[in-house]
Structures are given as C-alpha cells and as structure tokens.
Amino acid sequence: MDDVDKKKRQRKKTTSAQKKTAKKSPASHNPSSFISGYGAGNVETIISVEEINRQSDSFKKHKPSKDQLAQLSGYDNFFMIDALNAGYGKMQILHDFNLRIGAGQSLCIIGPNGAGKSTVLHSIFGFTTIKSGSIVAQEREVTYLDTNKKISYVGIAYIMQESSIFPDMTVEENLWMGGFLKDNLEAAKESAELIFDKYPRLANRRKQAARILSGGEKRLLEIARALIMNPQILLVDEPSIGLEPKYINAVFDILYELQHNDNKTIIMVEQNAKKGLEFADIGYVMVAGELIKADKADNLLKNPEIGRLFLGG
C-alpha cells in the first residue's frame, strides 16, 4: 500500500470518528438543550430579532385598540399616551404608540432589543424628538413639558437603566441631589430623612461613599433618590440589569411596596420578561416600535406563543 492510500484511509477514519462524536453530543441530541425564544438559548438556537419580527406578524394584524387598553386600566385615565410618533433626531422609533394605565397600577413593556421599549420611557420624560401624538398625566398635557416640570409639577420620576449615582459622594449627598428642584437644601435634607426612615439599610451607610455599595444597594439608592420629590409615576428602566439574582428579588420587593403601600404608578421596561410580567398588572409587547399585544400580565405569561417568542420557550 502506497503513502497516498494510507493517507486516504486515515482521513476516512478521522471523519467517521467525528460523526460518531457528533451523534453522541448532548447539545445536538437532547432537545432540552435547544431553548427557543427571546432572551434564552445559546448562540446557535436563539431566535434573532429579525425572526421575531417576522413571526410576530400575526399579532400585528390584531393590534390592541385604545378601548382594549382602557379596559385593562379599568378605564382610569390617570396616564395616557395617544398615537405617539417619536425618535431621535430624524430617526423615528415609535409608530402610533398608545398606552393606558390607572393610578396605582404597574405596567411592564417587553420585546426584543431595538423594539423601542426604552424610547417609550425616554419620550415620556422628554429625551426624544416627538413628531406627533400626546402624553397626558393626571389630566394634564405633558407632551412637550420640560423634564424639570415633569418632575416637580406632574410628579414623574425616571429611574435610569445605567448607573447614575455619584460614586465619590456619600449616600446622604446622593439623596440630597434628588431634591435639586426643592426650594432649598434644607427641604431636600428633610425629604432625605424620610427616605432613611423608610430604608434603614441606606441610613446605616449614609456617611459612606456610594462607590462601596453593593450592586443591589446602588439600585436601591437610585430608587430612593427618585422618591425625594415624592413622584406619583415611576418610569423604571431595566431594574434588574447587571444585578445578581439575590439582589433582583430585593429590588422587585421594593417596587412592589412602592406600588401597593404607597400607591405609586409604575411603568417598567424589563429585559427579564418573565420577572417583569410576574411583577406587573398589565403587560405590553412591542416589536419594531409598535405595540402588538396588550393583556393582563398573568395572561401573557400563560400565552404559549408569547412564551415561545418572548419568554424563552
């Protein structure tokens, strides 16, 4: 047998061994290792944003009407968005977006990356270019109201996705910064004392630099700072982002207390879709800047098609 024949036989053996190994591989044989849906699975199996957009076309044919949204809010007109078209500069992200939520309710917006979820919060708070539509809070038109007035006059506070604490300031000083619209520093200090009474964990660290706080404590400080102006509406952008599991539950417990004990109205965007819907009263599903589905959050959790596309199977 010459060298060429030997090399051919060696290649055949190698190829055969590779095929056998591939057949035994759990990732290619066990169906449970392939998790489909938004936000779950590995790089080989996760549904792309483009595929989610395509597969959600059936929902777009039956988009929720304003009356359906009003029904979910109990026909409470505490906060409303009508036919909002908005974006950044010349780039339009939101297309005829509608929203209804009653006083003391919570609403979670889910959807793939780039769906426009955070743009809804940005538009409410005044960070986008609004082309048309309206935003009404407590029967007051606030569409083009500047951010400071939305905080002080209408009671809308925004808890950002990115860390916004001042790391070299103390916990106490960070809280005072939340009262920058107060008449004077003493008024901010008085409000901070009420927050410390509510959250002893922060009170115990009031003189320490904010940078030494744990991830969960930093998130608590951001929430607490937003409460200094005693807002009625909280815009919460990705409350669980970057947190360890043990802190995620603590943050959601705080938000639950704010809604159910202090009657705060919460509009939330949450990438952890299951967690967000488990918390909220109402769930909205967005795709490509459009609201394609709205229902009680519990119903969305039970919807198999929503589960497959947006909740990880």
- Being farther than 11 Å from Met80 by Cβ and β-branched (Val, Ile, Thr) is the filter here, so list the residues in region 96-123 that pass it. Ile109, Ile110, Thr119, Val120
- Message: Would you confirm, using the coordinates I've provided, whether Phe127 is within 18 Å of the chain's Cα centre (by Cα) and over 14 Å from Leu235 (Cα atoms)?
- Response: no
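Let's see how each residue does on (1) open to solvent by 50 Å² or more (accessible area, probe 1.4 Å); (2) within 20 Å of the chain's Cα centre (by Cα); (3) of a type in the set (Ser, Thr, Tyr):
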| site | (1), (2), (3) |
| --- | --- |
| Gly102 | no, yes, no |
| Gln105 | no, yes, no |
| Asn113 | yes, yes, no |
| Gly116 | no, yes, no |
| Glu141 | yes, no, no |
- In region 170-202, what count of residues is obtained for those that are basic (Lys, Arg) and farther than 19 Å from Ile233 by Cα? 2
- Query: Got a number for residues in region 154-169 being more than 10 Å from Leu234 (Cβ to Cβ) and of a type in the set (Phe, Trp, Tyr)?
  - Reply: 1
- State yes or no: is Glu217 touching a residue at least 40 places away in the same chain (Cβ under 8 Å) and buried (at least 18 other Cβ atoms within 10 Å of the Cβ)? no
- Inspect all residues belonging to region 274-297 and state whether any of them is under 30 Å from Lys189 (Cβ atoms) and touching a Pro at 6+ places or on another chain (Cβ under 8 Å). no
- From the options Thr128, Thr119, residue that is of a type in the set (S, T, N, Q) and in contact with a helix residue (DSSP H, G or I) (Cβ under 7 Å, 6 or more places away or on another chain): Thr128
- Task: May I ask you to say which residue of Lys189, Lys275, Lys246, Lys198 is under 30 Å from Glu305 (Cβ atoms), of a type in the set (Lys, Arg) and out of contact with any Asp or Glu (no Cβ under 8 Å at 6 or more places or on another chain)?
- Result: Lys275
- Item | Subset of region 75-84 (residues that are more than 20 Å from the chain's Cα centre (by Cα), surrounded by 15 or more Cβ atoms within 10 Å (Cβ to Cβ) and assigned to a strand (DSSP E or B)) | Asp82
- In this structure, is Leu145 in contact (Cβ under 8 Å) with a residue 60 or more places away in the chain and of a type in the set (A, V, I, L, M, F, W, C)? no
- Could you tell me whether region 162-184 includes any residue that is surrounded by fewer than 17 Cβ atoms within 10 Å (Cβ to Cβ), in contact (Cβ under 8 Å) with a residue 40 or more places away in the chain and in contact with a Pro (Cβ under 7 Å, 6 or more places away or on another chain)? no
- Query: Do you know which residues across region 196-233 are under 24 Å from Ile101 (Cα atoms), in contact with a Leu (Cβ under 7 Å, 6 or more places away or on another chain) and outside any helix (DSSP H, G or I)?
  - Reply: Ile228, Met229
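The values are calculated or read from the model by the stated rules, or taken from the named source; none is laboratory data. Remember, it's a predicted structure, so these values are computed and weren't measured experimentally. Cβ atoms come from the backbone with ideal geometry, glycine included; neighbour counts cover every protein chain shown. To get the accessible areas, we keep the full protein, side chains included, count just its heavy atoms, and leave off ligands, DNA and RNA. Shrake-Rupley method; radii C 1.70, N 1.55, O 1.52, S 1.80 Å.
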